[in-house]
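Trainee: For reference, the structure I am asking about is given below.
The values are calculated or read from the model by the stated rules, or taken from the named source; none is laboratory data. This one's a predicted model, so the numbers in the text were calculated from it and none came from an experiment. When we count neighbours, we look across all protein chains shown, and the Cβ atoms used for this are built from the backbone with ideal geometry, even at glycine. The area values use the complete protein model at the heavy-atom level, side chains included, leaving out ligands, DNA and RNA. Shrake-Rupley method; radii C 1.70, N 1.55, O 1.52, S 1.80 Å.
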Amino acid sequence: RAYDCAARRAHSHDRRVVRASRSHKSLARLSPSVVRAGDACSSRRRCSRESSWVSRNMFGGGGDDVVVPRAFKLLKELEKGEKGGTGLPPYLSYGLADADDDDDMAQWTGTILGPAGTTFDMRVLELAILCDDTYPTKPPQLKFKTRVNAPFVKSDGTVDLKALGIAQAWRRSNTIEDVLNGVYHALMRPECRRNPQPPEGSYY
């Protein structure tokens, strides 16, 4: 229902989104070297494996020559999010926060199921996701609702995407799913995986 509701409104924004998208056709490609995590930890092998997720998955081989208008890109992401298990990792979910009252499809919610073998194991971590008018030229803004203890999460729950290398690696073709996946894999880094966590049910 959320997808159908959003789709009906998308056409009213077509001209604005197409005009906005034209201004971003020359988005510069970044070098993968800027996304190295640089984590000074004792277990460098594991740290390298987890931090390299960003460079492996957000730098794909293709370019961004075909510019998809924001509204249509978000509709496609919404459709995938609503279908759940179809191509979406089982530890992630996302969707519009209020499909009936969000003409710009800006406010989203997401959940991450904590990785096994970490202090987040089996915890359902809730996030607020903001796709403002800079998306998808810039990544969405993420903020944990569930209280977590991780070095890349600020005191108010805001996720520092620069600390994860996501902001530097971002391309217009990347998605909300990519950002959530980047956060999920960051929770398995050595400096995160054994951190003591607030009591379950704690929120910002």
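Trainee: Longer than 28 Å from Cα to Cα, which of LYS76/LYS145; LYS83/LYS143; LYS76/LYS154 are they? Say none if no pair is.
Mentor: Table pairs above 28 Å Cα-Cα are LYS76/LYS154.
Trainee: Using 0.36 nm per residue, how much length does the chain from TYR91 to LYS143 gain when fully extended, once their Cα-Cα distance is taken away?
Mentor: The TYR91-LYS143 span can extend by a further 17.0 nm.
Trainee: Follow-up. Using a 1.4 Å probe and ignoring any ligands, DNA or RNA, find the accessible area of GLU77 and quote it in Å² to the nearest 10.
Mentor: The value for GLU77 is about 10 Å².
Trainee: Multiply the residue gap between GLN107 and LYS76 by 0.36 nm, knock off their C-alpha separation, and tell me the result in nm, one decimal place.
Mentor: Full extension from GLN107 to LYS76 adds 9.6 nm.
Trainee: Something else about it: Quick one: order MET122, MET105 from most to least accessible surface, probe 1.4 Å.
Mentor: Result of the area sort, largest leading: MET122, MET105.
Trainee: Looking only at segment 158-190, which residues have a backbone nitrogen under 18 Å from a spot 7 Å from the Cα of GLU126 in the C-beta direction?
Mentor: In segment 158-190, the label zone of GLU126 (backbone N under 18 Å from the point 7 Å along Cα→Cβ) covers 158-159.
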